[in-house]
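Read through the structure below, which is laid out as C-alpha cells, and then see the notes.
The values are calculated or read from the model by the stated rules, or taken from the named source; none is laboratory data. Quick caveat, the model's predicted, so the values are computed rather than measured. Counting neighbours? That spans all protein chains shown, and the Cβs are built from the backbone with ideal geometry, glycine included.
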Amino acid sequence: MTAAAPRAEEARLADAVLGPVWRGGRFFAPAFALTGLGTIVFFLLISYTVVRGIGVWGNNIPAAWAFAIVNFVFWIGIGHAGTFISAILYLFEQRWRSSVNRFAEAMTLFAVAQAALFPVLHLGRPWFAYWLFPYPATMAVWPQVKSPLPWDAAAVSTYGTVSLLFFYLGLLPDLAAVRDAAPERWRRRVYGVFALGFRGSEATWRHYRRAYLLLAGLATPLVLSVHSVVSSDFAVGLTPGWHSTIFPPYFVAGAIFSGLAMVLTLLIPARRAFHFEDIVTRADIDRCAKLLLVTGLCVDYGYLVEYFLAWYSGDPAEIGQFFDARPRGPNAALFYLMVLGNVLAPQALWSARLRKNLWLLFVISLLVNVGMWSERFVIVVMSLEREFLSAAWADYAPTYVDFGILAGSFCCFLLLFLGFLRFLPSVALSEVKEARHAGARGRGGE
Amino acid sequence: MTELLLAEFDGPEALARAVRAFGGARIPGLDAHTPYSTEVVRDALGLPESRLSPWVFGGGVIGAAGAYALEWFLVAHLYPLNVGGRPPHFPLGFVPIAFEMGVLLAAFAGFFGSLAAGRLVKLWDPVFECEGFESASQDGFWLRLGGEALVRAAPDVEGRLRELGARRVQRVEASA
C-alpha cells in the first residue's frame, strides 16, 4: 500500500469528525433554540424554588425525598457509562471504545452537572451548600463524616472533577488537530489556548500516555464507589425497601445500565445526523447493545435478590413494601414501567437480528431510560409512602414545578450536549487513527 | 542564533527509520512529532518510561492520609458527637471520604504532572513557525533535529533526510 492511501483516509476521517465544528448543520439552530428555551424555563423554576422554598414541590412528610433525589440518582447513574466505556474498556484494551468514548465522556460530564444541582436545591437553602465541606467555620460545627450524605458530597465532586480531567486530557490531541486545521485565525487562537500548546512531541506523548492510563486506573474504582456511596444514602436508613446489603452492587449495575442506554439514545441519532457510519460502525453499536443486555441482566438479578431478601426476612413491613405497596400501591404504574423498561424490553437484545435494527434499539434505549427513572422513583418515593406505621402512610403527588424542573434538566443536558457536538470533535480522532494504524499493522503481520 | 531542522514523513514507519538513522533519543535535540502515539516511533526513539507513577501514588497517599487526619481532627477531636452509638473515631466511616480524596489528589498529580513533564501549557514553540507543521496533528510525521542532534547530523543533512523519504525539509529559528 502506498503512503498516500492512509494519508487520504486520515484526511477523510478528519473531515468527517471536524466537519460539524466548521460547518455546523441545519438542525443545530432549531435544536439550540428548543433546548435553550427549555433551559431558560428550567432556571426560572429553579429561581422560583430558591425564592419561595421547596414548599413549591410536592414532597412532604412522609415522602420528604422525592423528585429532587430521584433526579439526582438518575443523572448520576447516567454519568456512569462514560467512565465505564472510557476507563474500564481502555484498561481491557477494547479498541472499539475509541469510536464512542468521547460521546460517553461528554455525556458523563453533563449528567453529573445536572445531578449535582438537585441535592443542593433540595437543601432548601442552597446558599448554605458549602456547609457540606470542612471550611474553617467560626461556629465550629463540622460536617458529620460518619453519615453517607457528606460521603456523597466528596464522591460526586471527586467523580465530576476526575471525569473532567480525564475528558480534557483525552481531548488535548484533538484540540490541537482543530487548532491546526481551523480555517479562521480566531478559531486557531481559541482552540490553541485550550490545546495548551500540544505539539504531538514524543517527549509529551510518553507522559501523556502514562497519565491517561493512570487516570483510567483511578477512574475505574470511582465508577464502583460513587453509586455505592449514593446507595448508602438509602441502605444505611432503616426504611423498608432501602435497608439492604444488595444496594451498592445493584446501584452500580443500574447506573452503568442506564448510562449505556443514554449513550445509545444520543449516539444513534448523532451518528446518522453527522454521517459517522464509517467511524461508529454497526459492530460498535452491537457491542454497546450487548453490554446493555448484560448490565440489564445484572439489574434484573438485583430485583430478584431484593424480592427474595424481603420475603426471607419475614418482616411484615418489608414484605408489604415489595409485595403490596409496589405492585398495588398508589404509584403502581411506575413500578410496571420499571418492569417494562428494565426487565422486558432489554430481552429483545438477545436476538442479533433485532440488535441490528437501529430504530428498535433507539426505542429500547428510551424505554430503559424511562424504566430506570421509574426505578429510582419506586425506590425513593414508594418506600417512604409506606413505612412501618400504617397511620403514617400518605400518598405523594408532584407539582408542576417538579415536572418542569425534571423536563428542564433534560433540556439543559441536551443543550450542553449539542454544544459539545457543535464545538468539539465528538469522536476521539487521534485514538481512532491510532487504532486503525495498529489494526493495519496487525493485518500486515508486522 | 540557534536553528531547528524539521522533516516531514508520510508514515510512522518512515519516521522511525529516520529516527534510527540519526541516533534516536540518546542524542539531545532529537524528537518526533506525530498525530497519534505509535509504537514504532516510540521504539525507535528509545525514550525511557515516564516516571509519573510515583508522583501519582504520592498524591494519592497524601490525599487519603490528609483527608483521614482532617476527619479525625474535626469529628473525633474538635467536636466529638455520638451519632447512632458510633465511636468518635470510627475508621470504617472515615474510609469513603479518605478514599475519594486520595483518588482526587492522585488524579490532580497525574494530570498536572503530565502537563508539566510533557512541557505543555506553552502556547508558542519554534516548530509552529515551520510551514506545513499543521500536519503534525493531522496526518504528517515529523522529525525534529536541533542542538547537538543537528550538529552531529551535518553535513548534507537535508540530502540524507530526502534519501530516507522526507517529503519536506525546513529550517526554522529556535531562539524565542
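Structure notes:
- If the condition is being among the small types (Gly, Ala, Ser), in a helix (DSSP H, G or I) and free of Cβ contacts under 8 Å to residues at least 40 places away in the same chain, then segment B:123-176 contributes only B:GLY159.
- Members of segment A:362-372 found to be surrounded by fewer than 24 Cβ atoms within 10 Å (Cβ to Cβ) and of a type outside the set (Val, Ile, Thr), listed by number: A:PHE362, A:LEU366, A:LEU367, A:ASN369
- Any hit, segment A:86-93, residues being surrounded by fewer than 24 Cβ atoms within 10 Å (Cβ to Cβ), of a type outside the set (Gly, Ala, Ser) and either within 21 Å of A:PHE274 (Cα to Cα) or out of contact with any helix residue (DSSP H, G or I) (no Cβ under 7 Å at 6 or more places or on another chain) (or both): yes
- Some residue of segment B:9-32 being at negative phi, in a helix (DSSP H, G or I) and among the aromatic types (Phe, Trp, Tyr): no
- For A:GLY58, the conditions (1) surrounded by 14 or more Cβ atoms within 10 Å (Cβ to Cβ); (2) in a loop (DSSP other than H, G, I, E, B); (3) at pLDDT below 90 are fulfilled apart from (3).
- Selected residue (only one of A:THR295, A:THR281 is hydroxyl-bearing (Ser, Thr, Tyr), crowded, with 18+ Cβ neighbours inside 10 Å and closer than 19 Å to A:LEU349 by Cβ): A:THR295
- Filtered residues of segment B:1-40 (kept if polar (S, T, N, Q), at pLDDT below 90 and under 19 Å from the mean Cα position of the chain (by Cα)): B:SER37, B:THR38
- Comparison of A:ALA104, A:ALA115, A:ALA153 shows that the only residue that is at pLDDT 95 or above and closer than 18 Å to A:VAL226 by Cβ is A:ALA115.
- With respect to (1) in contact with a Lys or Arg (Cβ under 8 Å, 6 or more places away or on another chain); (2) crowded, with 20+ Cβ neighbours inside 10 Å; (3) over 23 Å from A:SER430 (Cα atoms); (4) not basic (Lys, Arg), the lone exception for B:HIS33 is condition (3).
- Out of A:LEU175, A:LEU214, A:LEU264, A:LEU165, sole residue that is in a helix (DSSP H, G or I) and more than 11 Å from every other protein chain (Cβ to nearest Cβ): A:LEU264
- Looking across segment A:98-154, the residues that are small (Gly, Ala, Ser) and part of a loop (DSSP other than H, G, I, E, B) come down to A:GLY124, A:ALA137, A:ALA140, A:SER147.
- Scanning segment A:178-187 for residues that are surrounded by 17 or more Cβ atoms within 10 Å (Cβ to Cβ) and more than 7 Å from every other protein chain (Cβ to nearest Cβ) turns up A:VAL178, A:ARG179, A:ALA182.
- Residues in segment A:324-335 that are assigned to a helix (DSSP H, G or I), surrounded by 14 or more Cβ atoms within 10 Å (Cβ to Cβ) and not small (Gly, Ala, Ser): A:ARG326, A:LEU334, A:PHE335.
- B:ASP43 meets all of the listed conditions (1) surrounded by 15 or more Cβ atoms within 10 Å (Cβ to Cβ); (2) more than 10 Å from chain A (Cβ to nearest Cβ); (3) within 17 Å of the chain's Cα centre (by Cα) but one, namely (1).
- Here A:VAL41, A:VAL70, A:VAL51 are screened, and the one residue that is under 22 Å from A:TYR396 (Cα atoms), in a helix (DSSP H, G or I) and among the β-branched types (Val, Ile, Thr) is A:VAL70.
- Filtering A:ARG206, A:ARG199 for residues that are among the charged types (D, E, K, R), surrounded by 21 or more Cβ atoms within 10 Å (Cβ to Cβ), assigned to a loop (DSSP other than H, G, I, E, B) and free of Cβ contacts under 8 Å to residues at least 60 places away in the same chain leaves a single hit, A:ARG199.
- Residue check for B:PRO80: touching a residue at least 60 places away in the same chain (Cβ under 8 Å) and either within 30 Å of B:GLY159 (Cα to Cα) or outside any strand (DSSP E or B) (or both): no
- All conditions in (1) facing another protein chain (nearest Cβ under 9 Å); (2) at pLDDT 90 or above hold for B:GLU49, with the sole exception of (2).
- Taken together, A:VAL73, A:VAL120 contain a single residue that is more than 14 Å from chain B (Cβ to nearest Cβ) and crowded, with 24+ Cβ neighbours inside 10 Å, which is A:VAL73.
- Once segment B:52-75 is narrowed to residues that are within 8 Å of chain A (Cβ to nearest Cβ) and β-branched (Val, Ile, Thr), the residue that is farthest from A:ALA219 (Cα to Cα) is B:VAL75.
- Which numbered condition A:VAL190 misses (of (1) within 27 Å of A:VAL112 (Cβ to Cβ); (2) within 9 Å of chain B (Cβ to nearest Cβ); (3) of a type in the set (Val, Ile, Thr); (4) out of contact with any helix residue (DSSP H, G or I) (no Cβ under 7 Å at 6 or more places or on another chain)): (2)
- Any hit, segment A:234-249, residues being within 14 Å of chain B (Cβ to nearest Cβ), farther than 20 Å from A:ALA325 by Cβ and under 13 Å from the mean Cα position of the chain (by Cα): no
- Where A:VAL427 falls short, out of the listed (1) touching a residue at least 60 places away in the same chain (Cβ under 8 Å); (2) away from chain B (no Cβ under 14 Å); (3) among the aliphatic types (A, V, I, L, M): (2)
- Taking the criterion of being within 25 Å of the chain's Cα centre (by Cα), surrounded by 15 or more Cβ atoms within 10 Å (Cβ to Cβ) and aromatic (Phe, Trp, Tyr), the only residue of segment A:298-323 that qualifies is A:TYR303.
- Among residues of segment B:72-94, those that are under 28 Å from A:TYR159 (Cα atoms) and either small (Gly, Ala, Ser) or in contact with a Phe, Trp or Tyr (Cβ under 8 Å, 6 or more places away or on another chain) (or both), counted: 7
- Selection status of A:ARG353, over 21 Å from A:GLY259 (Cα atoms) and loosely packed, with under 14 Cβ neighbours inside 10 Å: yes
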